[in-house]
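**Student:** Starting off with a structure, shown below.
Where a number appears in this text, it was derived from the coordinates with a stated rule and is not lab data. The structure presented is a predicted model; accordingly, all values stated were derived computationally and were not measured.
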């Protein structure tokens, strides 16, 4: 049992987002040729992938399919829950290929949303951390200079430098650890909390961007159901039952809107998760019988807007870190020069 869990963990670590995208693309392509799941995973995939993580994954999927499991259940161990969920929607609606395509689209969007933020933050973070280490190193040199010239009063610049270096040495690790813990907290808090103050929290930048991503995800899911001929109330029931607190809350609000006798589906979705501007577009789309085609388009627009916002916040944060890094380098060198010239005179 433990060995099996360990193997699953190793496969997950090796099965990167890039490999997941390639795997889904190949599966969709083979389905488009009219191949069955049995042919794909028992015959074609093993002949293409004879070694590596995908070969191990294929063996597990083949065994699960032989035991009568659905393809979404087979993918459950190795893909994120929301990816599997989209595949499951496609299965339930009798549109497996559409479900796989939506899952592939979400994977690509996830990669697309993370890349700009990482590229904006990676270099500034390295510069800041390296300059902080340099700052602490220069402090050790200044400490030696001060001990060599005992009795002389160091310049005021040196005293400020020592105080800042003390902060970096003793408190910077605490600040970094606190930020990591905060990110972990938000990772579990944001999808689950839907209490009274959530509407106020969603006005803050990080919460607002998160809610935009969730709004896009919600509309994409609804579009799959509605395009399959499933009623909105049934779609909301299923999405509510298979998602965490935040999405579930908005599904319940939409269901309450339906129970009030609101017939315009666009107005039903006015739960606070998507901007009133987009609600208005969806309301008009319902009146013109284009809601099913507009839902994924509006979802994509919301997603693109959220990506731009996140990239902008990451860029500003990167500028801030670069400024701190430049300050560390410039001030440490100036403090070294001031200390050396003051003590040697």
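**Student:** For the chain, set up a Gaussian network in which alpha carbons nearer than 10 Å are linked by springs, and say which option among 172, 96, 24 fluctuates the most.
**Tutor:** 172
**Student:** Largest first and to the nearest Å, give the Cα extent of segment 88-226 along each principal axis.
**Tutor:** For segment 88-226, the Cα spread along each principal axis is 84, 35, 18 Å.
**Student:** Further question: So what is the relative contact order of the chain, in percent, for Cα pairs below 8 Å that sit 6 or more residues apart? Mind showing how you got there, number by number?
**Tutor:** Details: 303 pairs, mean separation 78.0, N = 345.
Relative CO of the chain lands at 23 percent.
**Student:** Scaled to the compact-protein estimate 2.2 N^0.38 Å, what is the alpha-carbon radius of gyration of segment 124-183, rounded to two decimal places? It would help to have the intermediate numbers written out before the result.
**Tutor:** On the way: Rg = 14.2 Å, N = 60, 2.2 N^0.38 = 10.4 Å.
Cα Rg divided by the expected 2.2 N^0.38 Å: 1.36.
**Student:** Still on this structure: Restricting everything to alpha-carbon atoms, can you work out Rg to Rh for the chain with a Kirkwood hydrodynamic radius? Provide the component values of the computation, followed by the final result.
**Tutor:** Values: Rg = 27.2 Å, Rh = 24.1 Å.
That ratio equals 1.13.
**Student:** Determine the gain in length on full extension of the stretch residue 184-residue 32; use 0.36 nm per residue of separation and subtract their C-alpha separation, reporting nm with one decimal.
**Tutor:** Values: separation 152, 0.36 × 152 = 54.72 nm, distance 4.02 nm.
Full-extension gain reported as 50.7 nm.
**Student:** Moving on to the next point. Considering every pair of different Cα atoms, what Kirkwood radius, in Å, is found for segment 206-345? Can you show the working numbers first?
**Tutor:** Working: mean 1/r = 0.0561 Å⁻¹.
After inverting the pairwise mean of 1/r, the radius is 17.8 Å.
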